[in-house]
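Asker: For reference, the structure I am asking about is given below.
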Amino acid sequence: MPQQNPPDKIQREIEELLDKLDTFVPEERLAAKIRNRRKERRRADTGPGPVERVTRRLSQISLGQLMLAGLALMLIGWLFDDALGSWGTWVTLAGLALTILAFVLSLMTGGARTTVGARHVQKRWRGQIIEYSEPSRMDRIKEWFRRRGRS
């Protein structure tokens, strides 16, 4: 009976361990399991709170929708000025403020399609930020001031 070479046996064991490592799922700690179950039960029983529901709805409003709402308020305040009385002026001013706010926010985001409550998510790989786009004008200006401050 031929005897196997020891390196082949070691190689086979290494391959088995690597195969097991690919399918390995670490066991969740007992305290974490209990905590997660409690959170799930509370959420299932109560659902999202009123503040969470309102903020979720508001975060889905786009800047275009905000601008349209402002324009609509201005139009309503102007058309129904007599029917609204002193409120007509306030409705028109609120519409103007909303329109200007949406316009300024759209300029600040660089024309990107964003929602009012959107957070900027940085794409990272191995700790490095991945950027596929060119820096904006504002980023270039900030970088220019940083370089001038060091000299």
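The values are calculated or read from the model by the stated rules, or taken from the named source; none is laboratory data. It should be emphasised that the depicted structure is a prediction, and the values quoted were computed from it without experimental measurement. All Cβ positions, glycine included, derive from the backbone under ideal geometry; neighbour counts span all protein chains shown.
Asker: Sort out which residues of region 64-89 are closer than 17 Å to residue 104 by Cα and out of contact with any Phe, Trp or Tyr (no Cβ under 7 Å at 6 or more places or on another chain), and write them in order of number.
Answerer: Across region 64-89, the qualifying residues are 64, 65, 66, 68, 69, 70, 71.
Asker: Something else now. Mind checking which residues of region 73-95 are touching a residue at least 12 places away in the same chain (Cβ under 8 Å) and more than 28 Å from the chain's Cα centre (by Cα)?
Answerer: If the condition is that a residue be touching a residue at least 12 places away in the same chain (Cβ under 8 Å) and more than 28 Å from the chain's Cα centre (by Cα), then 73, 74, 75, 76, 77, 78, 89, 90, 91, 92, 93 are the ones that fit.
Asker: Which of (1) loosely packed, with under 11 Cβ neighbours inside 10 Å; (2) modelled with pLDDT under 85; (3) among the small types (Gly, Ala, Ser) is the odd one out, the single condition residue 83 does not satisfy?
Answerer: It fails just one condition, (2).
Asker: Cβ-Cβ under 8 Å, sequence separation 6+ or interchain: first residue in region 133-151 and more than 22 Å from residue 106 (Cα to Cα), partner assigned to a helix (DSSP H, G or I) and among the hydroxyl-bearing types (Ser, Thr, Tyr). Which pairs?
Answerer: Cβ pairs passing all conditions: none.
Asker: Let me ask something additional. Being modelled with pLDDT of 80 or more and among the polar types (S, T, N, Q) is the requirement here; does residue 60 meet it?
Answerer: For residue 60, the condition - modelled with pLDDT of 80 or more and among the polar types (S, T, N, Q) - is met.
Asker: Would you be able to say whether some residue in region 41-57 is in contact (Cβ under 8 Å) with a residue 40 or more places away in the chain and in a helix (DSSP H, G or I)?
Answerer: yes
Asker: Hey, another quick one. In region 62-92, which residues are in a helix (DSSP H, G or I) and either at positive phi or in contact with a strand residue (DSSP E or B) (Cβ under 8 Å, 6 or more places away or on another chain) (or both)?
Answerer: Scanning region 62-92 gives a single hit, 63.
Asker: Any residue at all in region 6-14 that's surrounded by fewer than 10 Cβ atoms within 10 Å (Cβ to Cβ), at pLDDT below 80 and more than 30 Å from residue 102 (Cβ to Cβ)?
Answerer: yes
Asker: Follow-up question, since we're still on this one. Output the residue which, of all residues in region 93-151 that are of a type in the set (Gly, Ala, Ser) and either assigned to a helix (DSSP H, G or I) or farther than 28 Å from residue 61 by Cβ (or both), is modelled with the lowest pLDDT.
Answerer: 151
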